[in-house]
Amino acid sequence: MRSEPFGTTRAGERVTRHTLVRDDLRVQVIDYGAVVTAIEVPDREGRYANVVLALDTVEGYETVSPHFGAIAGRYANRIAKGRFTLDGTPYELPINEPPNSMHGGPEGFAKRLWPVAKADDTRVVLRRRSPDGEEGFPGNLDVEVVYSLPEPGTLRIDYRAETDRPTVLNLTNHSYFNLAGEGTGDVMDHVVQIFADAYAPTDATQIPTGVIAPVAGTPLDFREPAPLGARIRQGHEQIVIAGGYDHTFALREPAGTLRPAASCFCPASGRRVDVATTQPALQLYSGNNLDGSLVGPSDRTYRSGDGVCFETQGFPDAPNHPNFPSTVLRPGEVFASISTYRFSVG
């Protein structure tokens with residue numbers, strides 16, 4: 001394990017970057033936002049590149065980062081109008097993507113320091129307590145995220161949480177992948193497969209309608225591998241609303257078992273990532289809101305479509321949709337999930 005300073009937050013907190021290495025996979029994580037700042041893997045010619053979008057400074061992650069590589073929480077994705085009711089008690093959350101609450105609010109988990117509890121060459125354990133009332137959520141929540149390299153080519157993320165009051169919880173890692181290397185341009189040629197037959201359509205504010213609809217006959221049909229950009233400009237209502245892909249897919253096999261969620265292959269580099277999870281859903285996001293204002297470590301700008309996210313998670317706005325899998329966590333229960341990202345070359 002190599003650890004080195006990565007700067008200081010505006011509040012004076014020192015941030016450290018930790019490097020995990022196993023064979024031909026190198027992963028860097030900072031303890032601010034539990035952000036994955038780099039995943040370095042070789043292409044078919046043996047040339048290494050960082051395949052996730054990133055920023056060079058803590059200031060960037062504090063002020064302008066669109067959740068690059070961060071842990072989103074306490075509730076990843078959207079909650080309609082920042083409101084939900086739990087056990088008869090109404091709760092109101094900050095509105096940071098009007099008219100909704102997004103990724104736990106403006107000071108969510110991505111904007112917090114995550115102290116390191118344990119670390120070695122292939123694993124780093126980060127923990128924090130989210131106090132009762134933080135960003136409007138009830139209960140003191142003790143949460144742990146473990147990044148590890150359990151075998152060659154595989155990044156594993158373990159999530160664990162406990163609460164002292166009933167609360168709602170949805171955690172994900174928000175890495176933006178570009179398997180040609182960050183800063184090389186758009187990922188519209190990346191060939192994507194998603195192991196889902198259905199998705200959650202949204203209204204005009206990107207809140208799920210409550211319907212789980214078949215992907216068949218829509219641009220969201222990735223049951224067979226297809227280039228990400230092949231249908232992204234179709235006039236389908238869901239594509240128009242999101243400005244591309246920003247949709248929740250209901251994974252086929254039951255949640256709780258580690259099973260395939262998605263795969264992504266870059267024809268130019270030969271790099272491939274296979275995503276598996278125990279979570280019920282996957283959010284596919286095609287980096288629609290990247291506008292060229294952010295510059296990565298490559299000293300190149302990030303524009304719309306320059307990265308793709310495979311966010312393993314629960315369903316957005318689930319507290320307001322009884323038909324969705326529950327995201328409620330109660331005292332005495334343990335939230336635990338696993339997601340893996342297996343890199344290879346083809």
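The values are calculated or read from the model by the stated rules, or taken from the named source; none is laboratory data. This structure is a prediction, so every number in the text was calculated from the model and none was measured. Glycine gets a Cβ as well: all are built from the backbone with ideal geometry, and neighbour counts include every protein chain shown. Note: accessible area is taken over every heavy atom of the protein model, side chains too, but ligands, DNA and RNA are not part of it. Shrake-Rupley method; radii C 1.70, N 1.55, O 1.52, S 1.80 Å.
Some points to look at:
- Residues within segment 219-234 that are over 23 Å from Asn323 (Cα atoms), open to solvent by 20 Å² or more (accessible area, probe 1.4 Å) and in a loop (DSSP other than H, G, I, E, B), tallied: 9
- Against the list (1) more than 16 Å from Thr163 (Cβ to Cβ); (2) open to solvent by less than 30 Å² (accessible area, probe 1.4 Å), the condition Lys118 fails is (2).
- Matching residues in segment 162-176 - criterion: being closer than 30 Å to Leu55 by Cα and out of contact with any Lys or Arg (no Cβ under 9 Å at 6 or more places or on another chain): Thr172, Asn173, His174, Ser175, Tyr176
- Qualifying residue in segment 214-227 (condition: over 24 Å from His103 (Cα atoms), among the aliphatic types (A, V, I, L, M) and in contact with a strand residue (DSSP E or B) (Cβ under 7 Å, 6 or more places away or on another chain)): yes
- Test: residue in segment 313-331 that is acidic (Asp, Glu), surrounded by 19 or more Cβ atoms within 10 Å (Cβ to Cβ), touching a residue at least 12 places away in the same chain (Cβ under 8 Å) and closer than 20 Å to Ile212 by Cβ: yes
- Restricted to segment 38-106, the set of strands (runs of 3 or more DSSP E) holding at least 3 residues that are over 22 Å from Leu155 (Cα atoms) comprises 83-86, 89-92.
- Strands (runs of 3 or more DSSP E) fully within segment 256-324 counting 2 or more residues that are more than 26 Å from Val64 (Cβ to Cβ) and among the β-branched types (Val, Ile, Thr): 271-277
- Considering the conditions (1) open to solvent by 30 Å² or more (accessible area, probe 1.4 Å); (2) closer than 26 Å to Gly287 by Cβ; (3) assigned to a strand (DSSP E or B), Val27 is excluded by exactly one of them, (1).
- Just one of the listed residues (Thr202, Thr209) is of a type outside the set (A, V, I, L, M, F, W, C), touching a residue at least 40 places away in the same chain (Cβ under 8 Å), open to solvent by 10 Å² or more (accessible area, probe 1.4 Å) and more than 15 Å from Ile39 (Cβ to Cβ), and it is Thr202.
- Qualifying residue in segment 41-55 (condition: open to solvent by 10 Å² or more (accessible area, probe 1.4 Å), at pLDDT 95 or above, of a type in the set (D, E, K, R) and closer than 30 Å to Arg10 by Cα): no
- For the residues Thr172, Thr154, Thr167, Thr163, the requirement of being among the hydroxyl-bearing types (Ser, Thr, Tyr) and either free of Cβ contacts under 8 Å to residues at least 60 places away in the same chain or surrounded by fewer than 23 Cβ atoms within 10 Å (Cβ to Cβ) (or both) singles out Thr154.
- When Gly183, Gly244 are checked against the criterion of being within 22 Å of Ile39 (Cβ to Cβ) and either touching a residue at least 40 places away in the same chain (Cβ under 8 Å) or more than 20 Å from the chain's Cα centre (by Cα) (or both), Gly183 stands alone in meeting it.
- Boolean, Asn96 is touching a Gly at 6+ places or on another chain (Cβ under 8 Å) and without any contact (Cβ under 8 Å) to a residue 12 or more places away in the chain: yes
- Here Thr340 meets the list (1) over 20 Å from the mean Cα position of the chain (by Cα); (2) within 25 Å of Asp142 (Cα to Cα); (3) surrounded by 15 or more Cβ atoms within 10 Å (Cβ to Cβ) almost entirely, failing just condition (1).
- Hits in segment 59-70 (condition: open to solvent by less than 50 Å² (accessible area, probe 1.4 Å) and at negative phi): Gly60, Tyr61, Glu62, Ser65, Pro66, Phe68, Ala70
- Matching residues, segment 279-312, being touching a Lys or Arg at 6+ places or on another chain (Cβ under 8 Å) and charged (D, E, K, R): Asp291
- Note on segment 71-95: among residues that are within 24 Å of the chain's Cα centre (by Cα) and within 14 Å of Thr327 (Cα to Cα), the one that is surrounded by the fewest Cβ atoms within 10 Å (Cβ to Cβ) is Arg78.
- Test for Val35: is it open to solvent by 70 Å² or more (accessible area, probe 1.4 Å), within 21 Å of Gly287 (Cα to Cα) and at pLDDT 95 or above: no
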